[in-house]
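A.B. asks: I'd like to ask some things about the structure below.
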Amino acid sequence: MLLIFDLFGGFTDMLRDLVSIYNFSLKYKYNFTIRNASSRAVENHEIYSSYSVDNLFNLQSFKSNKYYIDYCSITDDMNDSNTYDFYRNKVEGKLWKDRNFLREEEIINSINVNYKKYVIIGGSFWYYTNLHNMEQICSVFKTLIPNDRIINELTKNIINKHYNCIHYRYEHDWIPNLKNWGVPYIVPPIDELIDNLPFKNKHPIYICTNGIEKLHSLHLLYRKLETYDNILYKKKNDLNYDENGYLDLIIIVNCEEFYGNSISGFTQLSAVLKNSFNFYNKMDYFNKYNIITNS
C-alpha cells in the first residue's frame, strides 16, 4: 500500500503536514508520496489552489526518507480499481464522526479495510495527528531544498551586510477568527516598530511581509518606500504568496535579530529557527494599535 499526500495551507501548515506525514509513515511503515502543494496568488492569498509539489520544493528534499516514492513513478499504474480516495470521502463527510476529526486509529482502519494499492490521503493531514511540534518542523525545514525559481530569487536578494528582521502581519484575513477567540490583532505602522523595537544594533531592517509596496497607501508606512535607507525588502518577482514566504524564511534565518507577531505560525517557526522569541504584539507600547478594538 502506498499513501498519496498533498501539502495544504500556508507555508507553515504545509510543513506541519510534511512532519506529520514523515512521522505517520515511520510509525506504521507505510510507503508514501507527495503529490501537490498549495498555491496562492500574491494578489489574493485567501484563495487556495494546488500545483505539483516540485514547484515549491526540489524533490531531492524527500529522498532521504526511506518510505518516500516519487509520485511520477506511480501515475501510469493508478486506476479506479486499485485506488481508494480517502480524501474525497473525508471531504464529503462520509468519514466524519459527530462532526469531529477522525482519530489516528480510525484513519488506519479506514485505509486498511479497503485493501487498495494506492490511498489518496490529501492535505491538512496534520489536523489528524498529534505527532509533531515546532522543533520538529524546524528540523524538517532544514532538510528541504527550494525549487530553482526560489533559489534564483534568493540570489537576487542576498544581503551582504548585517541586518535585523521584522515579520509584519497586517492582512485582514485573520480578523474574524481573532474576534471569535478574543485575541487582539496588533498592527502598528512599520515606522512605529522601527522606532520603538529595542533592537540591540541599529542595522538596516528587512521587512518580511506581503505587498510592502502598497503599505504607504494603507497608512502603514509614513513615507514612500523608496525614501527609506534603513528598510530592506525583497524585489518584486513572479513567485506566488507561499514561494515568497519560503524566500522570506531563508532570509530571516541569516538575520541578526528577529521580531514578529506571535499569533502567526510563520513567526512561531521563525522564532524557533532563530531562537529569538521577540513578539511586538506582546509589548504594551503597541496595544493602542489593536485594529479589532479600534474598528
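A.B. asks: Select from segment 209-258 the residues that are farther than 14 Å from Tyr168 by Cβ, hydrophobic (A, V, I, L, M, F, W, C), assigned to a helix (DSSP H, G or I) and touching a Lys or Arg at 6+ places or on another chain (Cβ under 9 Å) and list them in ascending order.
C.D. replies: Listed by number, the residues that qualify are Leu247, Val253.
A.B. asks: So if I check each of Tyr67, Tyr51, Tyr127, which one is at pLDDT 95 or above, touching a Phe, Trp or Tyr at 6+ places or on another chain (Cβ under 8 Å) and not hydrophobic (A, V, I, L, M, F, W, C)?
C.D. replies: Values: Tyr51 fails: touching a Phe, Trp or Tyr at 6+ places or on another chain (Cβ under 8 Å); Tyr127 fails: at pLDDT 95 or above.
Only one candidate passes the filter, namely Tyr67.
A.B. asks: Are any residues in segment 150-161 closer than 22 Å to Ser276 by Cα and either touching a Phe, Trp or Tyr at 6+ places or on another chain (Cβ under 7 Å) or touching a residue at least 12 places away in the same chain (Cβ under 8 Å) (or both), and if so, which ones? Steps first, please.
C.D. replies: As a first pass, look at segment 150-161 and keep what is closer than 22 Å to Ser276 by Cα: 158-161.
Of everything in segment 150-161, those that are closer than 22 Å to Ser276 by Cα and either touching a Phe, Trp or Tyr at 6+ places or on another chain (Cβ under 7 Å) or touching a residue at least 12 places away in the same chain (Cβ under 8 Å) (or both) turn out to be Ile159, Lys161.
A.B. asks: Are any of the residues in segment 80-99 modelled with pLDDT of 90 or more, within 21 Å of Ala37 (Cα to Cα), touching a strand residue (DSSP E or B) at 6+ places or on another chain (Cβ under 7 Å) and assigned to a helix (DSSP H, G or I)?
C.D. replies: No; the residues of segment 80-99 include none that is modelled with pLDDT of 90 or more, within 21 Å of Ala37 (Cα to Cα), touching a strand residue (DSSP E or B) at 6+ places or on another chain (Cβ under 7 Å) and assigned to a helix (DSSP H, G or I).
A.B. asks: In addition: When you scan segment 201-209, do you find a residue that is under 18 Å from Met14 (Cα atoms), under 15 Å from the mean Cα position of the chain (by Cα) and crowded, with 18+ Cβ neighbours inside 10 Å, even just one?
C.D. replies: No, segment 201-209 has no match at all.
A.B. asks: Give the residue that is farthest from Trp174 (Cα to Cα), with candidates limited to residues of segment 5-63 that are of a type outside the set (A, V, I, L, M) and in a loop (DSSP other than H, G, I, E, B). Walk me through how you get there before you give the answer.
C.D. replies: Taking segment 5-63 and keeping what is of a type outside the set (A, V, I, L, M), we get 5-6, 8-13, 16-17, 20, 22-25, 27-33, 35-36, 38-40, 43-46, 48-52, 54-55, 57-58, 60-63.
Remaining after also requiring in a loop (DSSP other than H, G, I, E, B): 8-10, 29-30, 43, 58, 63.
Working: Phe8: 18, Gly9: 14, Gly10: 13, Lys29: 38, Tyr30: 36, Glu43: 16, Asn58: 31, Lys63: 36 Å.
The qualifying residue farthest from Trp174 (Cα to Cα) is Lys29.
Residues checked against (1) closer than 20 Å to Thr33 by Cα; (2) touching a strand residue (DSSP E or B) at 6+ places or on another chain (Cβ under 6 Å); (3) touching a residue at least 40 places away in the same chain (Cβ under 8 Å):
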residue	(1), (2), (3)
Arg103	no, no, no
Ser110	yes, no, no
Asn114	yes, yes, no
Gly122	yes, yes, yes
Thr129	yes, no, yes
Cys138	no, no, yes
Asp148	no, no, yes
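A.B. asks: Mind listing whichever residues of segment 259-291 are aliphatic (A, V, I, L, M), modelled with pLDDT under 95 and not in a helix (DSSP H, G or I)?
C.D. replies: Hits for segment 259-291 are Ile263, Ile291.
The values are calculated or read from the model by the stated rules, or taken from the named source; none is laboratory data. Predicted model only: the values in this text are computed from it and were never measured. Cβ sites come from the backbone with ideal geometry, for glycine too, and all protein chains shown count toward neighbours.
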